[in-house]
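K.L.:
Below is a structure I'd like to ask you about.
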Amino acid sequence: MSEDASTTAEPKNRIRLALLGDPNSIHLRRWATFFAERGHRVTLLVPKGARVDPGLPASIAFEGFSRFNPRSLFPPLSFLRSRRSVRMAVARVQPDVLNAHFLTIHGWHAWLAGFHPYAVTLWGSDIYIGPRKWLAVRMLARLTLRVADLVMADSEDLKRAAEELGSRPGSTELIQWGVDLRRFSEGPAPDELRSRLGLDGRRVVFSPRAVRPLYRQGVVIEALAQLPSDVAVVMSRHNCDPAEVEAIERQAASLGISDRVVFVPEIPHAEMPDFLRLSDVVVSVPASDSTSVTILEALACERQVVAVDLPSVREWLADLDPESLVPVDDPAATERALARALGRSAAERAEIGRRGRAIVKERADQATSLGHVEQLYLRLLRNVASGSR
């Protein structure tokens, strides 16, 4: 599908789609919006009392249920109450397909619903972290994956990990969340944004991942201290861990670079392309990661990326710019990679940018990627109609 192809064409078969997940996650909201705008009937299943941010299409409905809390005083009772509640919620919605986003908790609820067909969309840490750390999480994950009708993973490594944990190879598919290539593209420098952030005359490293322990923003700060004084880092307070923000601020102060660390509040997704275009380099060095949508959006905007050398990330950057990959928790290697990227000529940057966008266009165009998911949903329905799984 071309970059200019419409994503709002009427589907041949309308699906009643129920989604389980964080209703305020930009990723789930983009997914829900895509299918709502395609003409499907979308319902978000949300825990009772949960706050849902405004901004979703009016056609998207909501249905509440009681959430399973494994940390309650008596988990078996919470389990039974949640199972009853989520089954009643699904019965009220009467979906054609139930799709849980994030295996932990949300995937468990899909399994508890006792409904088929159900799909699980994996996010990364729900496979890479939780099931590897805790036996109970691993057991619930295995139960959920074994009977799922469809499991979707955004990298070959994540797909293999899911199959090792219990998902059936025939039901496990490689999919991408996708990037809207019409919005995320090379464009003019956002001079107003640069001035508003006090970055005139500075080179910019954008570190867009959340300021939380998993994302190792302290590594970025330590690397920044070794870079020239005209280099500044931009981070966001959105979805942050307040204690981690305080730790980052103390670290920057101790290194004498507080004036080179710019914190912004939540960045609306509509403004993300400008933040990427503002950047000379985008950096992402978490301790665990699958395919980062942020990295793909940066590549679509023809930005250089320095990223942690993890299997899922390597699938995107190893051929494009192998020197941009750095070990986990290695500030020195991160500094060297950033310095190398900042020191490239305009022609070298343009060539890497062109190739990076071409990779995203080929493998992660949003309309094509989510259109593929639509076909997987329809395949599930055909399997139900034929009596097969």
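The values are calculated or read from the model by the stated rules, or taken from the named source; none is laboratory data. This one's a predicted model, so the numbers in the text were calculated from it and none came from an experiment. Reconstructed Cβ throughout: ideal geometry from the backbone, glycine too, with neighbour counts over all protein chains shown.
K.L.:
When you look at residue 35, is it modelled with pLDDT of 95 or more, surrounded by 13 or more Cβ atoms within 10 Å (Cβ to Cβ) and not assigned by TED's automatic domain parsing to the domain that holds residue 240, yes or no?
P.N.:
For residue 35, the condition - modelled with pLDDT of 95 or more, surrounded by 13 or more Cβ atoms within 10 Å (Cβ to Cβ) and not assigned by TED's automatic domain parsing to the domain that holds residue 240 - is met.
K.L.:
Is one or more of the residues making up segment 79-98 surrounded by fewer than 23 Cβ atoms within 10 Å (Cβ to Cβ), among the charged types (D, E, K, R) and part of a loop (DSSP other than H, G, I, E, B)?
P.N.:
yes
K.L.:
Quick one: residue 45 ticks every box in (1) in contact (Cβ under 8 Å) with a residue 60 or more places away in the chain; (2) assigned to a loop (DSSP other than H, G, I, E, B) except a single one, so which number is it?
P.N.:
Only one criterion is unmet by residue 45, namely (2).
K.L.:
Condition check: touching a residue at least 40 places away in the same chain (Cβ under 8 Å) and either in contact with a Leu (Cβ under 6 Å, 6 or more places away or on another chain) or not assigned by TED's automatic domain parsing to the domain that holds residue 232 (or both). Does residue 309 satisfy that?
P.N.:
No: the conditions fail for residue 309.
K.L.:
Going residue by residue through segment 345-362, is there one that turns out to be farther than 30 Å from residue 98 by Cβ and not in a helix (DSSP H, G or I)?
P.N.:
yes
K.L.:
Test of understanding: among 61, 89, 5, which residue is within 26 Å of the chain's Cα centre (by Cα) and at pLDDT 95 or above?
P.N.:
Just one listed residue meets the conditions, 61.
K.L.:
Do any residues in segment 322-338 that are over 10 Å from residue 308 (Cβ atoms) and in the same structural domain as residue 286 (by TED's automatic domain parsing) have Cβ atoms under 6 Å from those of residues that are of a type in the set (Ser, Thr, Tyr) and buried (at least 18 other Cβ atoms within 10 Å of the Cβ), where the two are at least six apart or on different chains, and which pairs are they?
P.N.:
337/324
K.L.:
What's the number of the only condition in (1) loosely packed, with under 14 Cβ neighbours inside 10 Å; (2) assigned by TED's automatic domain parsing to the domain that holds residue 274; (3) touching a helix residue (DSSP H, G or I) at 6+ places or on another chain (Cβ under 7 Å) that residue 208 fails to meet?
P.N.:
Among (1) loosely packed, with under 14 Cβ neighbours inside 10 Å; (2) assigned by TED's automatic domain parsing to the domain that holds residue 274; (3) touching a helix residue (DSSP H, G or I) at 6+ places or on another chain (Cβ under 7 Å), residue 208 violates only (1).
K.L.:
Next up: In segment 216-292, which helices (runs of 4 or more DSSP H) lie fully inside it and hold 2 or more residues that are within 21 Å of residue 317 (Cα to Cα) and of a type outside the set (S, T, N, Q)?
P.N.:
217-224, 272-278
K.L.:
I'm trying to understand the selection: among the residues of segment 206-263, which are farther than 19 Å from residue 277 by Cα, in contact with a strand residue (DSSP E or B) (Cβ under 6 Å, 6 or more places away or on another chain) and of a type in the set (Lys, Arg)?
P.N.:
237, the sole residue that qualifies.
K.L.:
Given 169, 265, 213, which one is surrounded by fewer than 21 Cβ atoms within 10 Å (Cβ to Cβ) and in the same structural domain as residue 129 (by TED's automatic domain parsing)?
P.N.:
Among 169, 265, 213, only 169 is surrounded by fewer than 21 Cβ atoms within 10 Å (Cβ to Cβ) and in the same structural domain as residue 129 (by TED's automatic domain parsing).
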